[in-house]
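The values are calculated or read from the model by the stated rules, or taken from the named source; none is laboratory data. Keep in mind that what you see is a predicted model, and the values were worked out from it rather than measured. Don't worry about glycine lacking a Cβ; one is built from the backbone with ideal geometry, like all the others, and counts go over all protein chains shown. For the accessible areas, the whole protein counts, side chains as well, though only heavy atoms, and no ligand, DNA or RNA atoms are used. Shrake-Rupley method; radii C 1.70, N 1.55, O 1.52, S 1.80 Å.
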Amino acid sequence: LYAAERAQSLNKSLGCDLYVDGVFKSAQFEKYVTGRGIAWPRTDTGRLDLSDGTLKDLEKGRPDIAMIRATRGTISNLRQAMWPTGPDNRGRGRLSPFGTVTSRNKLSSKLHVFGASAWMRSFIRAEPGTVLIYTDWSSQEKAVSAALSRDQRSLDAYVGGDVYVAFARDAGLIPPEGSKATHAAERDIAKVVCLGADYGMGPQTLAARIGQQTIHARELQKQHRRNYRELWEWSDQVVESGLSGVPLVTGFGWPLAAHIYNKERTLRNFLIQATAADMMRVAACLLVEAGIRVLLPVHDAFLIEADAGEACAVQKQTEEIMEEASRIVLRNRVT
């Protein structure tokens, strides 16, 4: 009932029937964005890219897109939520280890609360006398790509504390003294550029996501290549190897059986994501061996349970172990 009310409310607010009988109509949405001159990214099949990531990127400065994204997420999660719990009220949804080509877990929104929208995590509660700790890596993929490529400028940017601010300064988006606090919008643009570089985002898609002309997006990508030459040389070599049929393998042995049918973006992003997954597994082993109560691995984070009086000490120990896992994995050369 609530899902139906949200759909009707959205239709009324936009003056457009995006939902018909509770079903989101892609054709209606295409008419909506086309009529408003929004350059929306498309998938390889030519359909509009309706992934949540794309909606998130394009909602900046557009309250209508933000409303559409929020409604779609709410309705989808309310309909799919069937999280299994035991008699002790503990949720034990399937983790789907190695569920992706990069070996990361693939949590189902139907079977796990962490596979659903972030706002639904409010259903999680700690047992009396305990504390839940959520600890993740900061910009994990950027640290991995800098380490694997041996790009000193990328490493310096990461060690400096904010890789996106560093690029924004170098690209002239913000002044040398600028920061996230003073130039949040410009940092957001730099973030899209930097993350898109991991898998080879095209200039048209970048332009749509940052709300700029394609010529400006292309210049930002050229600037990124100029700033991080060693990173791009390594990334291009990975793609060439993959397209040549050379298997890509992480330092801990997770392979991608490369062949000419692999997409460039898959090849360019594989070693970054798969190496990050290696870090998660090493950290998980070390945490369990140290007696840390790991409840759940979540992409680049761990949900930890600790007695209330020991929470600060456990969090500190968890962070130290995750740092050690990073050192162990990134010391290994990647084929």
- Message: Need a quick list: helices (runs of 4 or more DSSP H) entirely within region 190-253 having at least 3 residues that are aliphatic (A, V, I, L, M) and at pLDDT 90 or above.
- Response: 214-227, 229-243
- Message: Quick test for you: out of 25, 56, pick the one residue that is basic (Lys, Arg) and more than 27 Å from residue 195 (Cα to Cα).
- Response: 25
- Task: List the helices (runs of 4 or more DSSP H) that sit entirely inside region 1-113 and contain at least 2 residues that are of a type in the set (Gly, Ala, Ser) and exposed (fewer than 13 other Cβ atoms within 10 Å of the Cβ).
- Result: 26-35
- Task: May I ask you to list pairs of residues, at least six apart or on different chains, whose Cβ atoms are under 8 Å apart, with the first in region 2-28 being among the acidic types (Asp, Glu) and the second being open to solvent by 60 Å² or more (accessible area, probe 1.4 Å)?
- Result: 17/25
- Task: Would you mind stating whether residue 64 is acidic (Asp, Glu), at pLDDT 85 or above and within 30 Å of residue 247 (Cα to Cα)?
- Result: no
- Restricting region 114-127 to residues that are in a loop (DSSP other than H, G, I, E, B) and within 18 Å of the chain's Cα centre (by Cα), which is surrounded by the most Cβ atoms within 10 Å (Cβ to Cβ)? 116
- Selected residue (criterion: modelled with the highest pLDDT) from residues of region 1-52 that are among the hydroxyl-bearing types (Ser, Thr, Tyr) and farther than 18 Å from residue 70 by Cα: 34
- Scan region 279-319 for residues that are over 23 Å from the mean Cα position of the chain (by Cα), assigned to a helix (DSSP H, G or I) and of a type in the set (Asp, Glu) and report the count. 2
- Item | Neighbours by Cβ (under 6 Å, 6+ apart or cross-chain): first from region 179-207, within 23 Å of residue 229 (Cβ to Cβ); second among the basic types (Lys, Arg) and part of a helix (DSSP H, G or I) | 192/209; 199/265; 199/268; 200/265; 200/268; 203/218
- Item | Failed item, numbered, when residue 166 is tested on (1) small (Gly, Ala, Ser); (2) outside any helix (DSSP H, G or I); (3) under 20 Å from residue 330 (Cβ atoms) | (2)
- When region 168-204 is checked residue by residue, the ones that are open to solvent by less than 40 Å² (accessible area, probe 1.4 Å) and within 19 Å of the chain's Cα centre (by Cα) are 187, 189, 190, 192, 193, 194, 196, 197, 198, 200, 201, 202
- Note on the structure: Restricted to region 210-245 and to residues being among the β-branched types (Val, Ile, Thr) and buried (at least 16 other Cβ atoms within 10 Å of the Cβ), the residue farthest from residue 142 (Cα to Cα) is 210
- A careful count of residues in region 259-310 that are closer than 30 Å to residue 231 by Cα and touching a Lys or Arg at 6+ places or on another chain (Cβ under 7 Å) gives 3
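So in region 279-293, with the set limited to residues that are in contact with a Phe, Trp or Tyr (Cβ under 9 Å, 6 or more places away or on another chain) and open to solvent by 10 Å² or more (accessible area, probe 1.4 Å), which one is farthest from residue 257 (Cα to Cα)?
Within region 279-293, the first condition is being in contact with a Phe, Trp or Tyr (Cβ under 9 Å, 6 or more places away or on another chain), and the residues that meet it are 279-284, 287, 292.
From the residues that got through so far, the ones that are open to solvent by 10 Å² or more (accessible area, probe 1.4 Å) too are 280-282, 284, 292.
Details: 280: 22, 281: 21, 282: 23, 284: 26, 292: 35 Å.
Looking at residues that are in contact with a Phe, Trp or Tyr (Cβ under 9 Å, 6 or more places away or on another chain) and open to solvent by 10 Å² or more (accessible area, probe 1.4 Å), I get 292.
Quick one: in region 259-277, which of the residues that are open to solvent by less than 10 Å² (accessible area, probe 1.4 Å) and not polar (S, T, N, Q) is nearest to residue 137 (Cα to Cα)?
We begin by selecting, within region 259-277, every residue open to solvent by less than 10 Å² (accessible area, probe 1.4 Å); these are 267, 270-272, 274-277.
Now narrow it down to the ones that are not polar (S, T, N, Q): 267, 270-272, 274, 276-277.
Working: 267: 23, 270: 18, 271: 17, 272: 14, 274: 15, 276: 10, 277: 12 Å.
Selected residue: 276.
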- Message: Name the single residue that is surrounded by the fewest Cβ atoms within 10 Å (Cβ to Cβ) among those in region 128-149 being part of a loop (DSSP other than H, G, I, E, B), touching a residue at least 24 places away in the same chain (Cβ under 8 Å) and not polar (S, T, N, Q).
- Response: 129
- Given the conditions (1) crowded, with 21+ Cβ neighbours inside 10 Å; (2) part of a loop (DSSP other than H, G, I, E, B); (3) at pLDDT below 90, and given that residue 161 satisfies all but one, which numbered condition is not satisfied? (1)
